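What follows is a single structure, written as structure tokens, with notes after it.
The values are calculated or read from the model by the stated rules, or taken from the named source; none is laboratory data. The shown structure was predicted, so the numbers you read here are calculated from the model rather than taken from an experiment. Glycine gets a Cβ as well: all are built from the backbone with ideal geometry, and neighbour counts include every protein chain shown.
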Amino acid sequence: MSLEIIIGLEVHLKLNSPNKLFCRCANVQNFDGLDPNTHVCPVCTGQPGALAVLSQEPLEKSVQLGLALWCKVNKVSSFDRKSYFYPDLPMGYQITQQHIPTNVDGEVSFFVDKEFSKAKHVRIRDAHIETDTWKTTQENGMAYLDYNRAATPLVEIVTHPDFRSADEVIWFLQELQRIARYNNFSDAEMEKGQMRCDVNISLREEWSTELRTRVEMKNMSSFSAVRRAIEHEVERQTVVYAAWNDVGQETRGWDDAEHISYMMRSKEDAMDYRYIPDPDLPPVILEQSWIDKQSKYVVESPYTRIVRYTTEYWFNKEYVNGLINDVQINMYFEERIADGCLPKSTATWLVWPIARWMNENEKSITEVAFSPADFTTFLHLQASGDLINQHAKTVIKDMLLTGKAPQTIIDEKWLKPVDAGQVKTWIEEIFAEKPDLLEDLKWGNMKPLGFVTGQVMKRSGWSADPKIVQQELRRMF
Ligand code: ZN
Ligand code: MN
């Protein structure tokens with residue numbers, strides 16, 4: 001019996017808008033060291049009579065996220081109350097979009113191999129806006145409630161069951177993380193709970209179209225935990241089916257330290273959420289012109305960038321990886337291209353000497369000593385031939401160390417390429433000393449070419465441009 005793995009995802013992405021979803025309380029991104037209950041008000045704690053009003057920035061970011069996921073943005077959408085009782089939800093309900101979500105029917109494309117040659121497209125059912133819960137801490141038999149996270153904005157991205165392996169899920173999550181970072185929707189750190197992933201897993205016999213009972217897995221807080229949880233659950237269901245038993249519909253939690261899953265809820269105690277339209281919140285009505293304006297803030301997808309880097313620029317995977325995984329490097333690279341710098345040399349300097357320096361000094365690209373404009377000048381000087389490769393290495397080293405402008409370094413260190421006239425004189429000298437070299441070249445024996453070039457480079461103190469040497473040399477025969 002060969003079983004096919006069917007996976008669908010529900011990913012919660014915490015938006016980094018300055019305020020919470022329905023009040024002006026700060027939407028804190030990092031709770032470390034923050035005193036509990038310092039960013040709360042009657043609205044986000046659900047006090048009777050408090051009136052929720054949708055904040056503008058989370059709505060904008062939610063729609064931009066929808067557009068980045070190629071969703072259709074509904075011109076009319078609405079909020080519902082999802083009622084359940086839970087200690088970390090004293091309001092008694094979560095505000096979500098059950099009936100008419102703002103973003104529906106999208107698609108995410110991503111690569112599923114290290115060579116960027118195999119693409120996969122996953123359908124997005126919807127990307128709905130909702131509030132986050134409170135936080136409970138159990139200590140010494142007491143439960144402590146912290147409302148700082150209460151009603152902060154989330155977008156839940158729900159996919160169709162289009163994944164067929166744990167690998168595909170991880171590639172997708174990485175792409176989603178890049179989309180969130182490129183567009184500044186969220187830092188999307190799983191470890192910080194800014195991106196949380198629930199996985200629905202079922203198995204079916206290959207060639208069958210029937211969907212079997214699915215099990216929902218929760219509580220994975222890293223990419224590797226997601227992978228382990230999926231592999232574990234696939235194994236568990238395989239064993240159940242092999243024994244001719246049935247998998248029960250249930251929600252299971254993943255304990256990554258113990259590498260085990262445990263039952264949280266079975267179908268029998270599935271909750272009835274009693275969804276009702278939120279009576280306090282009017283429908284979200286969006287003008288087409290407003291939606292069009294939001295689309296201008298959405299940057300090209302990381303997937304499309306990878307396609308451009310590999311097919312237009314012919315970058316290998318080292319270059320692509322060096323340019324796509326760090327959002328700041330990626331933006332920096334794109335800005336240089338917009339400045340008219342050559343893609344290949346821009347990437348070479350960024351991915352090799354500059355990235356190495358950043359690694360060694362634990363600095364980001366925004367912390368390098370030189371300005372972006374100086375780096376553009378450096379690349380332009382190189383492209384025009386005023387800065388030859390041998391000298392460029394010295395210049396970039398000095399720029400990294402001192403932050404001086406490239407032209408200043410060139411002037412101070414006399415790093416100008418030797419002019420063509422001087423190169424010609426040296427070539428003539430060499431041929432005068434060894435006339436048979438020129439004879440050989442004239443008769444079509446190209447062997448002396450390398451030798452003469454080397455001699456000229458030596459006489460120039462390695463300050464001649466090899467391109468100019470070749471050019472001058474070829475004029476002689
Ligand atoms: Zn509040
Ligand atoms: Mn949700």
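Among the residues of the range 7-24, the ones that are without any contact (Cβ under 8 Å) to a residue 60 or more places away in the chain and buried (at least 16 other Cβ atoms within 10 Å of the Cβ) come to 1 in all.
Determine whether Thr213 is touching a residue at least 12 places away in the same chain (Cβ under 8 Å), over 19 Å from Cys71 (Cβ atoms), away from ligand 1 (no atom under 16 Å from the Cβ) and among the β-branched types (Val, Ile, Thr). Judged against the criteria, Thr213 is a match. Of all residues in the range 85-108, those satisfying the criterion of being closer than 28 Å to Ser301 by Cβ, more than 13 Å from ligand 2 (Cβ to nearest atom) and surrounded by fewer than 21 Cβ atoms within 10 Å (Cβ to Cβ) are Ile100, Val104, Asp105, Glu107. Of the candidates Asp32, Asp80, the single residue that is acidic (Asp, Glu) and surrounded by 22 or more Cβ atoms within 10 Å (Cβ to Cβ) is Asp80. In this structure, does Leu145 turn out to be more than 12 Å from ligand 2 (Cβ to nearest atom) and not acidic (Asp, Glu)? Yes. If you go through the range 409-427, how many residues are free of Cβ contacts under 8 Å to residues at least 12 places away in the same chain and among the charged types (D, E, K, R)? Residues that pass the stated criteria total 3.
Here Arg212, Arg204, Arg164 are screened, and the one residue that is modelled with pLDDT of 95 or more and of a type in the set (Lys, Arg) is Arg164. Across the range 39-61, the qualifying residues are those that are touching a Leu at 6+ places or on another chain (Cβ under 7 Å) and not aliphatic (A, V, I, L, M), and the one among them that is farthest from Cys23 (Cα to Cα) is Lys61.
Regarding the range 42-61, can at least one residue be identified that is of a type outside the set (Lys, Arg), at pLDDT below 95 and more than 16 Å from ligand 1 (Cβ to nearest atom)? Within the range 42-61, not a single residue is of a type outside the set (Lys, Arg), at pLDDT below 95 and more than 16 Å from ligand 1 (Cβ to nearest atom). Candidates Leu9, Leu13, Leu21: the one that is within 16 Å of ligand 2 (Cβ to nearest atom), within 30 Å of Gln174 (Cα to Cα) and assigned to a loop (DSSP other than H, G, I, E, B) is Leu21.
Looking at this structure, is Glu4 within 16 Å of ligand 2 (Cβ to nearest atom) and either loosely packed, with under 14 Cβ neighbours inside 10 Å or more than 23 Å from Thr137 (Cα to Cα) (or both)? No; evaluated as a whole, the condition is false for this residue. Checked against (1) over 31 Å from the mean Cα position of the chain (by Cα); (2) closer than 21 Å to Leu286 by Cβ; (3) within 16 Å of ligand 2 (Cβ to nearest atom), Val53 passes all but condition (3).
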